[in-house]
Amino acid sequence: TGGTLQGTGVVDATITEISGGTVNIGSSPGVLEFTGDLELNSGLLLFEIGGNAPSSYDRIIVDGTLSATDVFGIELRFIDGFLPSETDIFDFIIADTIEESFLTFADVQSDAPFDVVLTDNGLGVSFDPVAPVPLPAGLPLLCLGVGALSLLKRRAQSNNLRAKVLAT
């Protein structure tokens, strides 16, 4: 209760209950496996993502049922300069069974927009495409105006040069 479970390896217990604590898979990327059920009552699950391959991001494996009885956070952090594309899906929690309560209480936070999705193996995230930034409507008109001013300036300089040549 209230502490931090950090590291990789296996938690060998029939039921593991996290209440107000943080699960931080260490040695990122890493894998933390629970041989029985995992119940979250509150707290935070922290995952770091450094690439597309399962060996490049943190994962939790639950050999039983994954459930929740209170709001808890899931935080995704990107490491090693990795940024996901819109086709990437990360199975960050693999469980035999995921109760609906888990999705009801999950409060997911990330640096990028994404959707939490149920996958064949458990729970994952897929990242939403980022819409391109549209050009301001006046930008083409501004470019045309700058081009026209440049042309007028050249014409004026040419006329001044002709006037000097004629004057001599």
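Structure above, values below:
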{"item": "Selection from the stretch 7-29 of residues that are in a loop (DSSP other than H, G, I, E, B) and surrounded by fewer than 17 Cβ atoms within 10 Å (Cβ to Cβ)", "result": "GLY7, THR8, ASP12, ALA13, THR14, GLY26, SER27"}
{"item": "Tabulated pairs, the stretch 14-39, first small (Gly, Ala, Ser), second assigned to a loop (DSSP other than H, G, I, E, B) and crowded, with 18+ Cβ neighbours inside 10 Å, C-beta under 6 angstrom, 6+ apart or interchain", "result": "SER28/ASP58; GLY30/ASP58"}
{"item": "Scope the stretch 19-41; condition of a type outside the set (Val, Ile, Thr) and more than 22 Å from the chain's Cα centre (by Cα); matching residues", "result": "SER19, GLY20, GLY21, GLU33, PHE34, GLY36, ASP37, LEU38, GLU39, LEU40, ASN41"}
{"item": "Output for the stretch 31-43, where each listed residue is aliphatic (A, V, I, L, M) and closer than 14 Å to PHE92 by Cα", "result": "VAL31, LEU32"}
{"item": "Residue list for the stretch 25-56, restricted to those being within 13 Å of GLU75 (Cβ to Cβ) and of a type outside the set (A, V, I, L, M)", "result": "SER28, GLY43, PHE47, GLU48"}
{"item": "Selection count, the stretch 30-47, where residues are part of a strand (DSSP E or B) and open to solvent by less than 40 Å² (accessible area, probe 1.4 Å)", "result": "10"}
{"item": "In the stretch 48-90, the residues that are surrounded by 18 or more Cβ atoms within 10 Å (Cβ to Cβ), under 21 Å from the mean Cα position of the chain (by Cα) and within 23 Å of VAL11 (Cβ to Cβ)", "result": "GLU48, ILE49, TYR57, ASP58, ARG59, ILE60, ILE61, PHE72, ILE74, LEU76, PHE90"}
{"item": "The stretch 106-148 - residue that is in a helix (DSSP H, G or I) and open to solvent by 60 Å² or more (accessible area, probe 1.4 Å) and, of those, modelled with the lowest pLDDT", "result": "LEU139"}
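The values are calculated or read from the model by the stated rules, or taken from the named source; none is laboratory data. None of the values given here were measured: they were computed from a predicted structure. We place every Cβ from the backbone using ideal geometry, glycine too, and count neighbours over all the protein chains shown. The accessibility values were calculated without ligands, DNA or RNA, using every heavy atom of the protein model including side chains. Shrake-Rupley method; radii C 1.70, N 1.55, O 1.52, S 1.80 Å.
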